[in-house]
Every structure is written in C-alpha cells, then in structure tokens.
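J.: Here it is, the structure in full.
The values are calculated or read from the model by the stated rules, or taken from the named source; none is laboratory data. Treat the numbers as computed from the prediction; the structure is a model and nothing was measured. A quick note on method: Cβ atoms are made from the backbone with ideal geometry, for glycine too, and the neighbour counts reach across all protein chains shown.
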Amino acid sequence: MTYRNPTPTVDIIIELSDKPQRPIVLIERRNPPYGWAIPGGFVDYGESVEAAAKREAQEETGLEVTLIEQFYVYSDPNRDPRQHTLSIVFLATAKGEPVAADDAKNLETFEPWRIPTNLCFDHDRILEDYLRYRHFSLRPRL
C-alpha cells in the first residue's frame, strides 16, 4: 500500500517591531505560483516546525525572528496548487531592514490597510484571520 500524506510547511507572519505601525513583511515569489506571499516554506526532515520557521524567515528575509506564538494550522487540500500541504502559521517579530533572498524575488513591508490583493496560496485568508486576531483577539474558527 502506498501512503500519501500532506507535506508540512510553515508560514511566518513577521511584524517589524522597530517600525511605526508594525508593518508586516511579505515576499514576492520568484517561482510559481507567482504573487505576494507570507514568508515560509517546507519543513526539512528531522527539523522542528519552530526551527523551520526561523530558518525560512532568515533565508527569505534576512531577518532573525522571535517567534511569539503558533497561530493556526491551515490544511485545506487545495491551499497549494502544487501539492497537498498543511501550514503551521507562526506569529513573529523582528527588528532591522529585511532583504529579499532565496526564492523571494522582491520584498516589501505593508501596513494592514495596504496588503496587496494578489496573494498566493490561501494567504489572503491567513492574513484576514491574523488581522481579526490582532485587532479583536478573535481566533480563526474551525
């Protein structure tokens, strides 16, 4: 029997704590699917999700992040057009100037009212859930 399991990934919502309005860091993807995305990526074999989140944040943004909390797990089988993934989303803070690296073609910081509409995967839903949590302390519903 062949088992097919979802692939674990992490996404990291990074707020720059040393900037006014605490903007959120987003990357523009170099590879398909194209568009803006929350920094993140695949968990390596033998790696904890926390270590993966810190590694992916550093690889894509050049920032050393402080993980604040595990926010939510997104597992809709259709969330990634490439394959069935599940994403453990972390909230994090960082200080400094982020730079696009690894598979990030571009990087920009966005205040909550300026988030672009061409987001990849289910990142529009993730950011909507996060902003609801940030402003009203309401967690996503199951």
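J.: Select from the stretch 100-127 the residues that are touching a helix residue (DSSP H, G or I) at 6+ places or on another chain (Cβ under 8 Å) and over 12 Å from residue 39 (Cβ atoms) and write down the one among them that is surrounded by the fewest Cβ atoms within 10 Å (Cβ to Cβ).
T.: 117
J.: Do we find that residue 28 is of a type in the set (Asp, Glu), over 14 Å from residue 13 (Cβ atoms) and modelled with pLDDT of 95 or more in this structure?
T.: yes
J.: For residues that are under 19 Å from residue 122 (Cα atoms) and among the aliphatic types (A, V, I, L, M), tally how many sit in the stretch 93-106.
T.: Taking the stretch 93-106 as the starting set, the residues that turn out to be under 19 Å from residue 122 (Cα atoms) are 103-104.
Checking which are among the aliphatic types (A, V, I, L, M) leaves us with 104.
Matching residues across the stretch 93-106 total 1.
J.: Just name the residue that is farthest from residue 81 (Cα to Cα) out of those in the stretch 92-120 that are under 14 Å from the mean Cα position of the chain (by Cα) and β-branched (Val, Ile, Thr).
T.: That would be 93.
J.: Moving to a separate point now. Go through the residues of the stretch 14-28 one by one and say whether even a single one is on the phi > 0 side of the Ramachandran plot, outside any helix (DSSP H, G or I), under 15 Å from the mean Cα position of the chain (by Cα) and surrounded by 14 or more Cβ atoms within 10 Å (Cβ to Cβ).
T.: Looking through the stretch 14-28, none of the residues is on the phi > 0 side of the Ramachandran plot, outside any helix (DSSP H, G or I), under 15 Å from the mean Cα position of the chain (by Cα) and surrounded by 14 or more Cβ atoms within 10 Å (Cβ to Cβ).
J.: Taking interchain pairs and intrachain pairs at least six residues apart, which have beta carbon atoms under 9 angstrom, with the first residue in the stretch 102-131 and basic (Lys, Arg) and the second part of a loop (DSSP other than H, G, I, E, B)?
T.: Cβ pairs passing all conditions: 105/30; 105/31; 105/34; 114/23; 125/76; 125/79; 125/140.
J.: Anything in the stretch 35-49 that is of a type outside the set (A, V, I, L, M, F, W, C), in a loop (DSSP other than H, G, I, E, B) and under 15 Å from the mean Cα position of the chain (by Cα)? List them, or say none.
T.: Answer for the stretch 35-49, where residues must be of a type outside the set (A, V, I, L, M, F, W, C), in a loop (DSSP other than H, G, I, E, B) and under 15 Å from the mean Cα position of the chain (by Cα): 35, 39.
J.: Have a look at 59, 47, 69, 64 and point out the one that is modelled with pLDDT of 95 or more, touching a strand residue (DSSP E or B) at 6+ places or on another chain (Cβ under 6 Å) and of a type in the set (Asp, Glu).
T.: None of the others qualify; the one that does is 69.
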